[in-house]
């Protein structure tokens, strides 16, 4: 398993925990909030893109025509 995939899996587990109600809690009247879910979603998208690139899935071939 690649390092990117391992990071992706950990991040996905964190997102799932937050989605199940683990984003914020109270301790002695103090509210504690973990990572911003929107930020984690963006990071997941970036890692997904990097994994696809690592696997050669995001390649585009561009052909330039000499018009001169």
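Numbers for the structure displayed
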read-out: Label-point separation in nm, residue 31 to residue 49, each point 7 Å along Cα→Cβ; value: 3.2 nm
read-out: Relative contact order (%) - criterion: Cα under 8 Å, at least six apart; region: the chain; value: 32 percent
read-out: C-alpha long axis of helix 37-54 to longest principal axis of the chain, angle in °; value: 30 degrees
read-out: 10 Å-binned pair-distance histogram of the chain (Cα, whole percent); value: 17, 33, 22, 14, 8, 4, 1, 0
read-out: Residues listed by number, the stretch 7-30, amide nitrogen under 17 Å from residue 41 label point at 7 Å toward C-beta; value: 11-24
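Where a number appears in this text, it was derived from the coordinates with a stated rule and is not lab data. Since we're looking at a predicted model, the values are computed, not measured. Heads up, the Cβs are rebuilt from the backbone with ideal geometry, glycines too, and the neighbour counts pull from every protein chain shown.
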